[in-house]
1. Using the per-residue mean of other Cβ atoms lying within 10 Å as a proxy for protection, in what order, highest first, do the peptides 229-239, 110-120 fall?
2. What number does the stretch 10-127 give for Rg over Rh if you use C-alpha atoms and the Kirkwood radius?
3. Measure off 7 Å from each Cα along the Cα-to-Cβ vector at Glu126 and Ala400, then give the distance between these two points in nanometres to one decimal.
4. Could you check the simple spin-label distance between His302 and Asp206, using points 7 Å along Cα→Cβ, in nm with one decimal?
5. As a test of reading the structure, rank Thr544, Thr420, Thr348 by solvent-accessible area (1.4 Å probe, protein chains only), most first.
6. Students often get this wrong: which residues of the stretch 42-81 have the backbone nitrogen under 12 Å from the point 7 angstrom along Cα-to-C-beta of Ala480?
7. FRET efficiency for Lys546 and Ile523, Cβ-Cβ distance as r, R0 = 30 Å, nearest 0.05?
8. Measuring with a 1.4 Å probe in the full set of protein chains, what accessible area per residue, in whole Å², belongs to the chain?
Amino acid sequence: MAAAGAAATDLEVVRGKRSALFFAAVAILLGLPLWWKTTETYRAPLPYSEISGLNALQLRLMVPVTVVFTRDSVPLDDQEKLPFTVVHEREIPLKYKMKIKCRFQKAYRRALDHEEEALSLGSVYEAEAMLAEPEKQAEGSLTVYIISEHSSLLPQDMMSYIGPERTAVVRGIMHREAFNIIGRRIIQVAQAMSLTEDVLAAALADHLPEDKWSSDKRRPLKSSLGYEITFSLLNPDPKSHDVHWDIEGAVQRYVQPFLSALRAAGNFSVDSQILYYAMLGVNPRFDPASSSYYLAMHSLPHVINPVESRLGSSAASLYPVLNFLLYVPELAHSPLYIQDKDGAPVATNAFHSPRWGGIMIYNVDPQIYNASDLPVRVEVDMVQVMQVFLAQLRLLFGIAQPQVPPKCLLSGPKSEGLMTWELDRLLWARSVENLATATTTLTSLAQLLGKISNIVIKDDVASEVYRAVAAVQKAAEELALGHLSAAFAASQEAVTSSERAFFDPSLLHLLYFPDDQKFAIYIPLFLPMAVPILLSLVKIFLETHKSWKKPEKID
């Protein structure tokens, strides 16, 4: 009976050991991996190596140039060498991690019959009208016509001409080094119509160190998918002035054609408003000599902030807002003029602020006050106003007057107020700016995710990163091939995708969830279960170790 009880007790002990070992095995082999897998931070894989390679990306900006030679433009021996292709490449000296090289691919050929006929006319404008091809030239490409050294197509004191389209005219020369001399003239004209250090420095102003390149290059607007333009009429003294302006007609006649020509660079929306009792916030000073009031140049920055609070246009806008203000001074401060740094009145009586907009002061004719009672009716000369605002709009978009070579005749702008090659030059600059912005954004995102391991990386964020990297590479390839339109579209996609990934709200979900909070949550859960299992394992180990050391009986 005692033996049976001892056997049952041993059986229970063995069964308890097996149960403890089973629970321990389940907890360690199944529970811990399952807990680890279900509580880990999900991080989709990212192309870190490709992102790091973007910093060493070399941009080759290829400008296709077709050079057309007329019969008497170069010596006969040189004409027999046509056609052939010459490539001129140089590096843009900018202090930027991304190396930029400009490549002019010049395709030399002889003039066709209709080109010879057009270039033999007496006026370069007539020749341009006759040379207008039914199909437009590709964006970013140029055509340079080489005429005779003694041709009357250009004034005798001019060596070259830059037209409103993607065409130019250069005088030839009868010299044994004709191709070399003409080639240098072509490069000078092509650079003025496409890419210069100043254009690229202005595009990369936010990415360059503060030095001579970027100190005065921060006027152009940053690249964006869209822009909002607001025209505001400020009438601080409606009791004295009844101001009327035909802003709708002026926008249709002057602004809309300009924006239509710029539609490749982004979408535009235009609105207008009239603000009464809106003051500048700066007290003008009286000039006894001219019996007028003036605003000194150093006080102009203080004008914007008080007025901006009344505009209310940028509060709910997703895109950059450009403000153009027409200010009619009150009767007590009329007439009002803006002085430059030398104390002389500014001819346009206007000024502009980088990336914000412009303000023009419109003085009322003093003779009106003598002819009628207050308030006097004021009809705004919209032609004068729009000339100033369009000039400011060009500066804000970085469309400055080109630096033409010596003895070069520059054509006036088209009716839209924008030359075709100026738009190409803007797209070149915006493409480079977009690539620099996308590369910086992707690099910053990769560094952030590498340093902080508990940031969730969802699949949609990873897909945006992959899409941005692919778009940057595609834009660089299209730039190297001279496909400006495709390169600009790819660069816009790169910026959009990179910023969408960088500002994704899911990246912040576990950013502020440190490890000590994890321990505070999981220890109360696992400790009551882990203590009995660990004590059982220790007891089993000690009993097993003791049984191994127990000496065997020898009969």
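1. Details: 229-239: 20.0, 110-120: 15.3.
Peptide ranking by packing, descending: 229-239, 110-120.
2. Working: Rg = 37.9 Å, Rh = 22.6 Å.
With Rg and the Kirkwood Rh in hand, the quotient comes to 1.68.
3. Reported label-point gap for Glu126 and Ala400 is 3.8 nm.
4. Output for this residue pair reads 3.1 nm.
5. Numbers: Thr544 45, Thr420 15, Thr348 65 Å².
Correct descending sequence by accessible area is Thr348, Thr544, Thr420.
6. Counting only backbone N, you get 57-62.
7. Values: r = 32 Å, r/R0 = 1.08.
Working from the Cβ atoms, E equals 0.40.
8. Working: 29690 Å² over 555 residues.
About 53 Å² of surface per residue is accessible.
The values are calculated or read from the model by the stated rules, or taken from the named source; none is laboratory data. The shown structure was predicted, so the numbers you read here are calculated from the model rather than taken from an experiment. Please note: Cβ atoms are built from the backbone with ideal geometry, for glycine as well, and neighbour counts cover all protein chains shown. Heads up: the accessible areas ignore ligands, DNA and RNA and are worked out on the full protein's heavy atoms, side chains in. Shrake-Rupley method; radii C 1.70, N 1.55, O 1.52, S 1.80 Å.
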